[in-house]
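Heads up, the thing below is written out as structure tokens.
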Amino acid sequence: MEWLNYHHLRYFYVVAKEGSLAQAAEKLKVSQPSISTQLANLEEALGVELFRRSGRRKVLTDAGQLVLGYADEIFQLGQELLNAVKSRPGSRALRLYVGVADSFPKLLTNEILKPVFSLPQPVHVICREGKLEDLLGQLAAHRLDIVLADEAAPSSVNIRVFSHRLTDCAISVCALPALARRLKSGFPRSLHGAPALLPTENTGLRRVVEKWFHDLNIRPQVVAEFEDSALLKAVAADGNGFIVLPSLVLEEAVKHYRFRVIGQSGKCRVEFFAITADRRLSHPAVRAITTPTLKPLSL
């Protein structure tokens, strides 16, 4: 049976966090050659290179990024163990790893997680954002407990997962006041040829909107596409085009970005899902999320 030297892992962890041998040596109160030796031993044991040099700094390789993720969890768990022993048995918080797709509305994420914080047992929530395909890979590897997405898990993904529908809502089209006034008249036909800032084609919202455009024979001029919804709104705030949003985040967009509503469509609806690796849900926080308490939104 192979054993991991956690002393070596600790040295690696500090170097990764500090970014250089000199800073790590100062923090650990040891010499730089000693740290170099420990890192070399760890790389030899793992059979991979963990760092590459960039100027005077140590930059993590892809393998190093992977090891750092596990090291984070290992040392957090170790700290929890110490805290639990020093306080009382059974006081350890339940950990919940949540993957959130880039296109998933952050306000809805907050609403979905609220029941988790009301559970009798304390819960420590760790949220990770990314592309849906990457998050599903982490879910399959049991590095995530649940994934939140604006579409069910695609059938093309060769991973056994289960999609739980949470809610749905209509879409709203908005822009800065000047463009909104111009496009409001004759909506939705007014969107034909108009400058548009849209989510990328790999998102559920984009697929729903594209079908709506196709059904109405509308072809806007796509100026830019974004995976990050916050970046999309920031660019739209400079007046570069109209955007399409789930209506449940419309109030936030109007308040923070000064957008005005061009129009809404109840026929074009976007759905939101929680995706799990198991059909039978044993994690109490996952059960709290997937219990159908959210009603469909009619905006």
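The values are calculated or read from the model by the stated rules, or taken from the named source; none is laboratory data. Note that the coordinates shown come from a computational prediction; the quantities given were computed from them, not determined experimentally. Virtual Cβ from ideal backbone geometry, glycine too; neighbours counted across all protein chains shown.
Quick notes
- Neighbours by Cβ (under 9 Å, 6+ apart or cross-chain): first from the range 159-178, farther than 22 Å from ILE243 by Cα; second part of a strand (DSSP E or B) and aromatic (Phe, Trp, Tyr): SER163/PHE273; HIS164/PHE273; ARG165/PHE272; ARG165/PHE273; LEU166/PHE272; LEU166/PHE273
- Odd one out for GLU271 among (1) within 28 Å of GLY137 (Cβ to Cβ); (2) of a type in the set (Asp, Glu); (3) at pLDDT below 90; (4) surrounded by 15 or more Cβ atoms within 10 Å (Cβ to Cβ): (3)
- Taking the criterion of being of a type in the set (Lys, Arg) and either out of contact with any Ser or Thr (no Cβ under 7 Å at 6 or more places or on another chain) or within 17 Å of ASN5 (Cβ to Cβ) (or both), the residues of the range 26-72 that qualify are LYS27, LYS29, ARG53.
- Within the range 25-57, being of a type in the set (Val, Ile, Thr), within 13 Å of VAL15 (Cβ to Cβ) and in contact with a helix residue (DSSP H, G or I) (Cβ under 7 Å, 6 or more places away or on another chain) holds for one residue alone: ILE35.
- Picking from residues in the range 221-255 that are touching a Pro at 6+ places or on another chain (Cβ under 6 Å) and touching a residue at least 40 places away in the same chain (Cβ under 8 Å), the one that is surrounded by the fewest Cβ atoms within 10 Å (Cβ to Cβ) is VAL249.
- Selection count, the range 106-118, where residues are touching a Leu at 6+ places or on another chain (Cβ under 8 Å) and at pLDDT 85 or above: 5
- Scan of the range 15-44 for residues that are of a type in the set (Val, Ile, Thr) and surrounded by 16 or more Cβ atoms within 10 Å (Cβ to Cβ), ordered by number: VAL15, ILE35
Quick grid of which residues meet (1) under 21 Å from SER103 (Cβ atoms); (2) at pLDDT 90 or above; (3) of a type outside the set (Asp, Glu):
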| site | (1), (2), (3) |
| --- | --- |
| ASN158 | no, no, yes |
| ARG181 | no, yes, yes |
| LYS211 | yes, yes, yes |
| ALA237 | yes, yes, yes |
| VAL261 | yes, yes, yes |
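- Neighbours by Cβ (under 6 Å, 6+ apart or cross-chain): first from the range 275-288, over 19 Å from LEU119 (Cβ atoms) and at pLDDT 90 or above; second small (Gly, Ala, Ser) and assigned to a loop (DSSP other than H, G, I, E, B): ILE275/ALA153
- Residue count, the range 1-25 (criterion: more than 32 Å from the chain's Cα centre (by Cα) and closer than 20 Å to SER54 by Cβ): 2
- Unmet requirement for ALA63, which otherwise passes all of (1) modelled with pLDDT under 75; (2) under 19 Å from HIS8 (Cβ atoms): (1)
- Selection from the range 173-186 of residues that are under 23 Å from ARG206 (Cα atoms) and exposed (fewer than 15 other Cβ atoms within 10 Å of the Cβ): GLY186
- Set GLN32, GLN76, GLN38: member being within 27 Å of ALA140 (Cβ to Cβ) and not assigned by TED's automatic domain parsing to the domain that holds LEU135: GLN76
- Hits in the range 69-99 - residues which are assigned to a strand (DSSP E or B) and modelled with pLDDT of 85 or more: ARG95, LEU96, TYR97, VAL98, GLY99
- Taking the range 115-223 and the strands (runs of 3 or more DSSP E) fully enclosed by it, the elements with 1 or more residues that are assigned by TED's automatic domain parsing to the domain that holds ILE243 are at 162-175, 195-199.
- When residues of the range 195-206 are limited to those that are under 17 Å from GLN264 (Cα atoms) and of a type outside the set (Gly, Ala, Ser), the one nearest to the chain's Cα centre (by Cα): LEU205
- On inspection, ARG189 fails the criterion of being within 20 Å of GLU271 (Cα to Cα), of a type in the set (Lys, Arg) and surrounded by fewer than 20 Cβ atoms within 10 Å (Cβ to Cβ).
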